[in-house]
Protein chains: 2
Amino acid sequence: MKLTDYFLPLKKDKPKEAEITSHILMLRSGMCQQSSSGIYSWLPLGKKVLDKIEKITKDEMNASGAIEILMPTIQPAELWIESSRYQDYGKEMLRIKDRNKKELLYGPTNEELITDIFRNNVQSYKNLPLNLYHVQWKFRDEVRPRFGVMRGREFLMKDAYSFDISEDNAKKSYNKMFVAYMKLFKKMGLSPIAMKAETGPIGGDLSHEFIIISKTGESDVFFDESLLDMQKLFDEIDYNGDLQEYINKYTSFYAATDEMHNPKETQNISGNLIKTKGIEVGHIFHFGQKYSKPMNATITNEKGQNLPVFMGSYGVGVSRLVGGIIEANHDENGIIWPKEVSPFMCSLINLNCDNEKCLEVSNQIYNYCNKKMIDVLFDDTKESIGSKLTTADLIGFPYQVIIGPKGVKNDNFEIKTRKTNKIINLSLNEIFNFINENMV
Amino acid sequence: MKLTDYFLPLKKDKPKEAEITSHILMLRSGMCQQSSSGIYSWLPLGKKVLDKIEKITKDEMNASGAIEILMPTIQPAELWIESSRYQDYGKEMLRIKDRNKKELLYGPTNEELITDIFRNNVQSYKNLPLNLYHVQWKFRDEVRPRFGVMRGREFLMKDAYSFDISEDNAKKSYNKMFVAYMKLFKKMGLSPIAMKAETGPIGGDLSHEFIIISKTGESDVFFDESLLDMQKLFDEIDYNGDLQEYINKYTSFYAATDEMHNPKETQNISGNLIKTKGIEVGHIFHFGQKYSKPMNATITNEKGQNLPVFMGSYGVGVSRLVGGIIEANHDENGIIWPKEVSPFMCSLINLNCDNEKCLEVSNQIYNYCNKKMIDVLFDDTKESIGSKLTTADLIGFPYQVIIGPKGVKNDNFEIKTRKTNKIINLSLNEIFNFINENMV
C-alpha cells in the first residue's frame with residue numbers, strides 16, 4: 001500500500017482526551033477516533049490490527065473444536081428476565097424500547113441468548129459436547145468510560161459457550177478453553193499468564209483470568225517467576241488428549257490478581273514471587289447449571305433422564321487487546337508491534353521522492369514485497385526525512401527499509417528493526433534476502 | 001468437518017413464521033434463527049455464507065482502491081441533528097438514551113458519521129480522492145419485519161463513502177463503484193442488472209440499484225434483454241482507466257425498477273423488453289454536497305479556495321444477499337448454492353456407517369479433501385439413507401459424493417451435481433480426479 005493512497009491521519013500532539021499510553025499512541029498513529037464517549041471508529045491501521053487479533057482468536061477456537069456462529073447485538077429483555085439478570089445488571093446495561101414499546105437491550109454478554117438457541121435446537125446427549133462461539137460487538141454503559149478502547153462502551157468480544165452432559169465433561173470443555181487461550185495469546189506475540197479469578201456477574205465456581213504483563217497495566221498481579229518458563233507447556237498439545245495433567249502442572253504455580261492475592265499462600269513457592277502490573281485480556285468461567293436451570297435448557301442423558309445442561313463461557317477482549325498489546329509493547333517513540341498482529345510487516349521509506357534512483361529502488365522493493373504477499377506500507381509522500389522516520393517509529397511496524405540518495409549511490413541501505421532499534425546496512429541484493437528470511 | 005462434530009439443527013416442517021422461500025429454506029437448513037422480531041442469530045451454516053459474501057465484497061472494494069475502516073453501531077444524535085435527518089428518519093430509527101440521558105441511536109446508515117470523520121482529518125485536496133468503507137451491522141426499526149434476513153431489523157451492510165474535490169471527480173468515484181458492484185455480484189455467482197433508481201432518504205440526483213432476477217423477487221423490474229449479454233463488459237476492466245465509456249454503453253440499454261419504469265421510453269429498444277421480478281442487493285448514490293454543506297466538511301482546492309467536499313455513498317446488503325441468493329437459486333428440494341458462496345463445496349455422504357469398507361473409503365475421500373483445503377461436510381451420522389440424501393439436497397452444496405455398500409463392492413460411486421441434479425458414476429480413482437477438476 002502506498003501511503004499517498006492510504007488514509008493515515010496522524011496527530012502530532014498528545015491528544016487532550018487521552019490519559020494512558022495506548023490511547024495516546026492509537027490516536028497519534030491514526031488508528032481510531034472517538035465518536036461519542038467510549039465509542040470509537042476504527043481507522044484503517046486500527047482495523048487491520050483488530051482483524052489480525054480476531055483471526056488468530058478464531059483459528060485457535062476452530063482448532064479446539066468450537067464452532068462459529070453470530071448472534072445479534074440487540075437482544076430481547078424477556079430472556080434476561082428469565083435468568084433473573086435483567087435487574088441485576090443495573091445501569092451498565094443499555095436498555096432500549098423499539099417503536100412498538102417492546103423492551104430490548106444491547107447485549108453486554110450472551111449467556112441468555114445462547115442458552116435460548118441451545119434449548120430450541122438440542123435435546124439429546126448425542127449432540128454433546130458442543131462449544132459455540134462468536135465475535136460480536138457488545139455494549140456496557142460504563143459510568144465514566146476512559147482509557148480508549150481498553151475500556152470502551154462499545155467493544156468487540158469473542159465469547160464462547162460450552163454445553164455438556166455432566167460436571168466432569170464440562171470441566172473438560174473448560175480445560176480445552178484454558179489451553180486454547182494460552183495458545184492464542186501466545187500466537188499474538190504475547191506472554192499470557194493464567195490466574196485464578198473471581199466470577200463476578202457471570203457466576204459459577206471456577207474461573208481464570210488471562211493477564212498480560214505491562215508496567216502501565218491496570219491492576220497489581222502476583223505470580224511465581226517459574227511460570228515464565230511454563231509458556232511452552234501448551235505449544236504442542238493435542239486438544240483431544242488429557243489436558244488435566246498439563247493444567248494441574250501449570251496451576252500448581254502461584255498466580256493471583258490483586259483481588260485473589262493471599263500472601264500466606266506464597267510462602268512456599270518454588271521461584272521468586274513477582275509483583276507487577278497486568279492487563280486482563282481473557283476470562284473463562286465454569287458455571288454449570290446457573291442459566292440452564294432457570295431457562296429450562298435440558299438434555300436427555302444416556303439413561304433417558306432429563307437434566308439441565310452444564311455450561312461454561314469464555315471471553316477474549318478483541319478490541320481491548322489492541323490497547324493491551326500497545327501497553328505491553330511500546331517505547332518513548334511509539335508502538336512496537338509484535339510481528340503476528342502488526343498492521344503491516346514493514347515501512348518502506350523513500351527519503352527523496354524527487355530522486356529518480358531512489359524511486360526506482362523503492363519501487364523495486366515495493367513490487368517484490370507485493371509479489372511475496374508481504375504487507376508493506378510504502379512512504380512515497382513528500383514529507384521531510386525527519387517526519388518520515390518519526391512516523392515509522394510511531395506506527396511501529398517490525399521493520400523499516402530506508403532508501404535515500406546516499407544509499408543508492410553506495411548500494412548500502414539502512415534496515416531498522418523496530419523492536420531493538422538496531423540498524424544494519426545491506427546492499428539491495430541483501431535486502432531481498434533479508435525480506436525472505438524475516439518477513440515472509 | 002464431520003457432521004457429528006457440527007451444529008446443523010435442521011427443521012423437517014415448514015416453519016410457521018416464514019412466508020417466503022428463502023426464509024423457509026434458511027430455517028429448515030439450520031442457517032439462522034429468530035431471536036426477536038426481525039433480529040436473527042446466524043448458525044454455523046448461515047455464518048459461513050455471510051462470511052463468503054463479505055469477503056468477496058471486501059476483496060473487490062479493495063481492488064477498486066477503497067480503504068476499509070469500521071465505524072461503531074451506536075452513533076450520537078448530534079450528528080444527525082446537524083444534517084437535519086434526525087427528525088426526517090422517523091420511527092425507523094432506533095433511538096436510545098444512555099445512563100447520562102445522552103441521545104444516541106443505532107445507525108441505520110453512516111453518511112453523518114463518516115462526514116464527521118472526514119472533516120476531523122482531511123483538509124486538503126492532496127488527500128483526495130478518498131473512498132472509505134466498512135461492513136457493519138445496522139438497525140432499521142421496520143414497522144412489520146418479515147421475509148427473514150431479506151428484511152430484518154438488524155442487518156449487515158457494506159457501505160462505502162467517496163470524497164472528491166469536484167462534481168466531475170465525484171462522478172468518477174461513482175463510476176468506480178458502479179463497476180465494482182457489477183464485478184462483485186458476478187463473483188458471487190449472480191447476474192446483476194444495474195437500474196436507474198430513486199434516491200429516497202439518502203438524497204442526491206444520481207443513483208443506481210443493482211438487482212438480481214428471481215421469480216419470487218419483491219418487485220417488478222423491466223429491462224432490455226440485450227443487457228444479459230452485457231455481463232462480461234466489466235470483467236477485465238482497469239479501475240484506473242476511463243470507465244465512463246463502459247458505463248455509457250451499459251446504461252444505453254433500458255433497465256428500470258417499477259418506480260422508475262416509463263413505457264414510453266421502451267418503444268425503441270434494441271432487444272426484447274423483459275418484465276420479471278427482482279431483488280435489490282446494492283444501491284449507489286451520488287449526492288454531492290448534501291451532507292458536507294450543513295456539516296461543514298470542507299477542503300482546500302489547488303487554488304487555495306475552501307469548499308464543501310463532494311460525496312457519494314454505496315451500499316451492499318450483505319445479510320440480505322444470503323436470502324436473495326437463495327431466492328434466485330433453489331428448487332423444490334432445497335437450496336442450490338453457487339460455488340462461490342456455498343458454505344461447503346461438497347456433501348460427502350456415507351450411507352452405511354456400520355460398514356467398514358464404506359467408512360474406509362469415506363475417510364479416504366474426507367482426508368483427501370482436507371489435504372486439498374476443500375471444505376467438505378462429511379455426513380457420518382446414523383440417519384437413514386433417505387434422510388441423508390434429503391438433507392444434502394436441502395442444504396444444497398454444489399456436489400454430493402455418495403458412498404454406499406454397493407458402490408464399494410463395484411468400485412462405482414455416485415456423484416451428484418446439485419445444480420443439474422445429474423448423477424454420474426465414478427470409480428474411487430476417478431472421484432479424486434473429479435475433485436481436482438471441479439472442487440479445488
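The values are calculated or read from the model by the stated rules, or taken from the named source; none is laboratory data. Because the structure is predicted, anything quoted here is derived from the model rather than measured. Every residue, glycine as well, gets a Cβ built from its backbone with ideal geometry; the counts of neighbours run over all protein chains shown. The accessibility values were calculated without ligands, DNA or RNA, using every heavy atom of the protein model including side chains. Shrake-Rupley method; radii C 1.70, N 1.55, O 1.52, S 1.80 Å.
What to note about this one:
- Cβ-Cβ contacts under 9 Å between residues 6 or more apart (or on different chains), taken from a first residue in the range A:112-125 that is outside the structural domain of residue A:292 (by TED's automatic domain parsing) to a second residue that is of a type in the set (Phe, Trp, Tyr) and buried (at least 24 other Cβ atoms within 10 Å of the Cβ), are absent.
- When residues in the range A:76-94 are screened for being within 12 Å of another protein chain (Cβ to nearest Cβ), closer than 21 Å to residue B:40 by Cβ and open to solvent by 20 Å² or more (accessible area, probe 1.4 Å), 1 of them pass.
- Tabulated pairs, the range A:233-261, first under 11 Å from residue A:196 (Cα atoms), second open to solvent by 20 Å² or more (accessible area, probe 1.4 Å) and in a loop (DSSP other than H, G, I, E, B), C-beta under 6 angstrom, 6+ apart or interchain: A:254/A:269; A:259/A:198
- Residues being among the hydroxyl-bearing types (Ser, Thr, Tyr) and assigned to a strand (DSSP E or B) - total across the range B:316-327: 0
Residues are listed down the side, and each one gets a yes or a no for (1) modelled with pLDDT of 90 or more; (2) over 28 Å from residue B:66 (Cα atoms); (3) in contact with a strand residue (DSSP E or B) (Cβ under 8 Å, 6 or more places away or on another chain):
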position	(1), (2), (3)
B:220	yes, yes, yes
B:223	yes, yes, yes
B:226	yes, yes, no
B:234	yes, no, no
B:239	yes, no, no
B:254	yes, yes, yes
B:270	no, yes, yes
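- Residue match in the range A:190-197 (condition: surrounded by fewer than 19 Cβ atoms within 10 Å (Cβ to Cβ) and closer than 30 Å to residue A:72 by Cβ): no
- Residue list for the range B:53-69, filter: assigned to a helix (DSSP H, G or I), within 13 Å of chain A (Cβ to nearest Cβ) and among the charged types (D, E, K, R): B:54, B:55, B:58
- All conditions but one from (1) of a type in the set (Phe, Trp, Tyr); (2) under 29 Å from residue B:291 (Cα atoms); (3) assigned to a loop (DSSP other than H, G, I, E, B) apply to residue B:210; the one that does not is (3).
- Residue B:22 open to solvent by less than 10 Å² (accessible area, probe 1.4 Å) and within 12 Å of chain A (Cβ to nearest Cβ): no
- Screening the range A:224-315 for strands (runs of 3 or more DSSP E) wholly inside it with 1 or more residues that are under 29 Å from residue A:81 (Cα atoms) returns the ranges A:273-288, A:298-300, A:306-308.
- A count restricted to the range B:105-141 and to residues that are under 17 Å from residue B:173 (Cβ atoms), within 9 Å of another protein chain (Cβ to nearest Cβ) and of a type in the set (S, T, N, Q) stands at 1.
- Sub-9 Å Cβ pairs linking a first residue in the range A:387-408 that is touching a residue at least 40 places away in the same chain (Cβ under 8 Å) to a second residue that is open to solvent by less than 10 Å² (accessible area, probe 1.4 Å) and among the basic types (Lys, Arg), at least 6 apart or interchain, are A:392/A:418; A:393/A:418; A:396/A:418; A:397/A:418; A:398/A:418; A:399/A:418; A:400/A:418; A:402/A:388, ordered by first then second residue.
- Test for residue A:73: is it open to solvent by less than 20 Å² (accessible area, probe 1.4 Å), among the β-branched types (Val, Ile, Thr), within 18 Å of residue A:160 (Cα to Cα) and within 8 Å of chain B (Cβ to nearest Cβ): yes
- Residues (within 30 Å of residue B:27 (Cα to Cα) and open to solvent by 40 Å² or more (accessible area, probe 1.4 Å)) located in the range B:299-327: B:320
- Residue count, the range B:28-49 (criterion: within 7 Å of another protein chain (Cβ to nearest Cβ) and open to solvent by less than 10 Å² (accessible area, probe 1.4 Å)): 6
- Scope the range A:4-19; condition open to solvent by 30 Å² or more (accessible area, probe 1.4 Å) and either out of contact with any Gly (no Cβ under 9 Å at 6 or more places or on another chain) or assigned to a loop (DSSP other than H, G, I, E, B) (or both); matching residues: A:4, A:10, A:11, A:12, A:13, A:14, A:16, A:17, A:19
- Unmet requirement for residue B:100, which otherwise passes all of (1) within 11 Å of chain A (Cβ to nearest Cβ); (2) crowded, with 21+ Cβ neighbours inside 10 Å: (2)
- Residues (surrounded by 24 or more Cβ atoms within 10 Å (Cβ to Cβ), of a type in the set (A, V, I, L, M) and under 26 Å from residue B:117 (Cβ atoms)) located in the range B:275-298: B:284
- For the range A:1-19, filtered to residues that are more than 9 Å from chain B (Cβ to nearest Cβ) and not charged (D, E, K, R), the residue that is nearest to residue B:74 (Cα to Cα) is A:18.
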